[in-house]
Amino acid sequence: MSTLINWLIARSITHRLAVVGMTLAVVVAGLWSFATLTTDAFPDLTPNQVVVMTTAAGLSPVEAEQELSYPMEIAMLGLPGATDVRSIAKAGLSVVTVTFEDDVDFYEARAQVQQRMLDAVMQLPPGAEPMLGPPATAMGEIFQYLVERDSTASDTLSLIDLTNLQEYTIKPLLRTIPGVAGVNAWGGMPQQFQVNADPNKLSGFALTLHDLEVALANNNANFGGGYIEDRGERLTLRGLGRVVDTTDLANIVIATHGSTPIRIRDVATVSLTSQLRYGAVTRNGSGEALSAVVLMLKGANGREVVDRVNARLLEIAPLLPKGVHIRPFYNQGDVVERTTRTVFRNLIEGALLVIAILFLFLRNVRASLLTASVIPLSLLVAFIAMKRFGLSANLMSLGALDFGLIVDASVVMVENFVRRLHDPKNADVDRSMLLQRAAFEVGRPIVFGVAIIIAVYVPIFTLQGIEGRMFRPMAFTVCAAVLGSLLLALTYIPAVASFVFSKSAETNEKIANEHTDARWFVWVRSRYANWLQSALRHPVVVVSGAVTVLAVALASVPFLGTEFMPKLDEGYLLIETRRIPSTALGEGVNVSAEVERTLKRFPEVASVVTNLGRPHEATETMALNQADVYITLAPKSQWREHNLEALIPRMDSALAEIPGLDYDFS
């Protein structure tokens, strides 16, 4: 080991220009990796899973469990790499979740699930429609917005019109954005043509509901009729039979009595209305609205996707009817930006503090700057490793970086250089050889010191499940930075030191004055020498004291507070509300409006949006008695309270006045 370390140091000094060139290459690669690195607020803790959603109108939760969930679960058993299959059933809905091991490719898992899903289709009841969930995770809801109408459009545009606008104009344009896995609408009124038959009229014409259904199906289709040739031209024949409005539906012929056609309008009424709804959206206590959530593709860069969504919304705005606009009410990009800014500000402050301490103790500008340069270089090495292995920059992966660990090896190396160079005995020794011998002296201890640090993090790499997804990126980033600092200490530091501490450079400074120990340092060193001698004379007392401190520390562990994730203020507040399970949609809308009016009385609240029940595509399985209340907070200058911890109890007291409401703050 020592031979290899010494060989590396010697080659670095001999080929110092090559080392500098490779360092510049690392800088370029590191800056590119940093610029393209995926940025998140937190690491994605969602398991590697694929969701199968099956809808079948009219089924109760029990029937959905028996006729939809059970056949689909059986079909999913035994998939290679699968660890768990579970399901949840709601009225007319079954959601089966297949969880895979972390090392299984996500899209390979989706392909396997899709194949098994097709195998299970034959066992499902008629009308059941299974589909894969979007290729996103639970933390992929990065952007939510409202499609609103102002006073100029309120008389002409209904919720059905807004829903059609969302589904056929806004959604397709957002789906084309790179990194967007899907766009799911919530609330509004999905359009439906309803034919309401009159049983007395049907029986009067000797017709049944089946006759009505067959007539609708047969008369709502286009078909081809081949072609004809006329005067040297080929003309394609088309049969146009699709209905476009209620009038077309009403004029469909069901049967004839003699020569008299019996049309749908003769036995039923046709109307344009909404489908059966399993969710709704309200905002600011002013009635129903339509919202949508943009889902980010798993593994995409959240910050870039949000920027693309904002840019696309600006392009969509001119396409909307007069009086209609899109208003975002949740933007995860703001969270990522604030988190990233906080993390990097802390990193810069920590780096400056380390540089100041280095200068305070080394008392040599060149030595301090040389040692401090290892900090950004080690970070760039870590960014390269993170980019290579697909890790994101977030509060956990970057927040655990310790600059003391990063510069430790370089401090030892540079301090030994300074000590050897300013020893009068070495005045006539060749500088390159002196630096090489000084590096040889500390090379092996440096490597073993860093190896001990790495060994501390090795157990973290063995964590599995959600703990592994949470802490492995942190351990990987720290180890990559520390290993990068070790490589720099053995190559970059000796090579650059041969330039920095050259004979000509040394004569440009008053070396003797610069490296004279300060009085405070002499005093500290003398005090330490006295304490060390005292400790060596009384080893039993010192060891007993250490054991006592250890025992007290272990005894205090049960009394320490614990939390799995650090607290992060997103600038938003979420309240999860619940009512009795039998709550109807209309009653849920009324209660949600009352909740919003209550919250709007607080000056700290800028706006309130409530998502009640489930969206159009059942990526959420909330029932009609459940709702998520999104609160956008006003600027802190408008707050009466100083912090969120003081605001929540006041909101709690106000919401407690609403009967039959349970809620949780998040």
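The values are calculated or read from the model by the stated rules, or taken from the named source; none is laboratory data. Every value quoted in this text rests on a predicted model; they were computed, and no experiment measured them. Heads up, the Cβs are rebuilt from the backbone with ideal geometry, glycines too, and the neighbour counts pull from every protein chain shown. Calculation scope for accessible area: heavy atoms of the full protein, side chains included, ligands and nucleic acids excluded. Shrake-Rupley method; radii C 1.70, N 1.55, O 1.52, S 1.80 Å.
With a Förster radius of 25 Å applied to the beta-carbon distance between Arg345 and Trp32, the computed FRET efficiency rounds to 0.65. Across the stretch 529-539, computed HN-Hα scalar couplings (Karplus, 6.51 cos²θ - 1.76 cosθ + 1.60, θ = phi - 60°) run 4, 5, 5, 5, 5, 5, 5, 5, 6, 10, x Hz from first to last residue, x flagging Gly and Pro.
Taking 0.36 nm per residue of separation and subtracting the Cα-Cα distance, what length does fully extending Thr83 through Met22 add? It would help to have the intermediate numbers written out before the result.
Values: separation 61, 0.36 × 61 = 21.96 nm, distance 4.48 nm.
My answer for the length gained is 17.5 nm.
Using the 1.4 Å probe convention, the accessible area of the chain works out to 52 Å² per residue with neighbouring protein chains retained. In sequence order, the stretch 368-384 has phi-based couplings of 5, 5, 4, 5, 5, 5, 5, 4, x, 5, 5, 4, 5, 4, 5, 5, 4 Hz under the Karplus curve 6.51 cos²θ - 1.76 cosθ + 1.60, θ = phi - 60°, and Gly or Pro positions carry x.
Charge tally for Ala185 (other residues, Cβ to Cβ under 14 Å; Lys, Arg +1; Asp, Glu -1): -3.
What you get for the chain, charging only the Cβ of Lys and Arg (+1) and of Asp and Glu (-1), is a dipole of about 2720 debye around the Cα centre.
Return the whole-Å distance between the Cα centroid of the stretch 14-65 and the Cα centroid of the stretch 333-347. Value for the Cα centre distance between the two parts: 18 Å. Of the three principal axes defined by the Cα atoms of the chain, the extents in descending order read 126, 76, 53 Å. Amide H contacts of Val180 (H built 1.01 Å from N, in plane; Pro and chain starts excluded): Leu297 sit under 5 Å, all sequence-distant by 5 or more or on other chains.
Between amide H atoms placed 1.01 Å from N, distances below 5 Å from Ile254 occur with Ile262, Arg263, Ile264, all of them 5 or more places distant or on a separate chain. Residues in the stretch 591-605 carry Karplus couplings, in order, of 5, 4, 5, 5, 4, 5, 5, 5, 6, 5, 6, 8, x, 6, 9 Hz; the curve used is 6.51 cos²θ - 1.76 cosθ + 1.60 with θ = phi - 60°, and Gly or Pro positions show x. Across the stretch 1-119, the relative contact order, built from alpha-carbon pairs under 8 Å that are at least six residues apart, equals 26 percent.
Here each label is just a point 7 Å from Cα along the line to Cβ, and for Glu148 and Asp102 those points are 4.2 nm apart.
Residues whose amide H lies under 5 Å from that of Thr282, counting only those 5 or more places away or on a different chain, are Ala289, Thr610, Leu612; hydrogens are built 1.01 Å from N in the peptide plane. In the structure shown, the pairs Lys90/Lys201; Lys171/Lys322; Lys298/Lys600 are assessed against 25 Å; a Cα-Cα span above that value is assigned to Lys90/Lys201; Lys298/Lys600.
Between Leu554 and Val456, the C-beta separation translates, for a Förster distance of 22 Å, into a calculated FRET efficiency of about 0.75. Across the accessible surface of the chain, with the other protein chains kept in place and a 1.4 Å probe, carbon and sulfur atoms take up 60 percent. Towards the positive end of the charge dipole of the chain, with charges on Cβ (+1 Lys, Arg; -1 Asp, Glu), say which of Leu352, Trp186, Ala64 has the farthest Cα. With unit charges placed on the Cβ atoms, the residue in question is Leu352. Using a ≥ b ≥ c from the Cα gyration tensor of the stretch 214-313 (square roots of the eigenvalues), is it rounded, prolate or oblate, where a/c under 1.5 gives rounded and otherwise the larger of a/b and b/c decides, a/b for prolate? Taking the square roots of the gyration eigenvalues as a ≥ b ≥ c, the stretch 214-313 is oblate.
Which FRET efficiency value, to the nearest 0.05, is calculated for Asn251 and Ala646 with the Förster distance at 56 angstrom and r the Cβ-Cβ distance?
Calculated transfer efficiency: 0.30.
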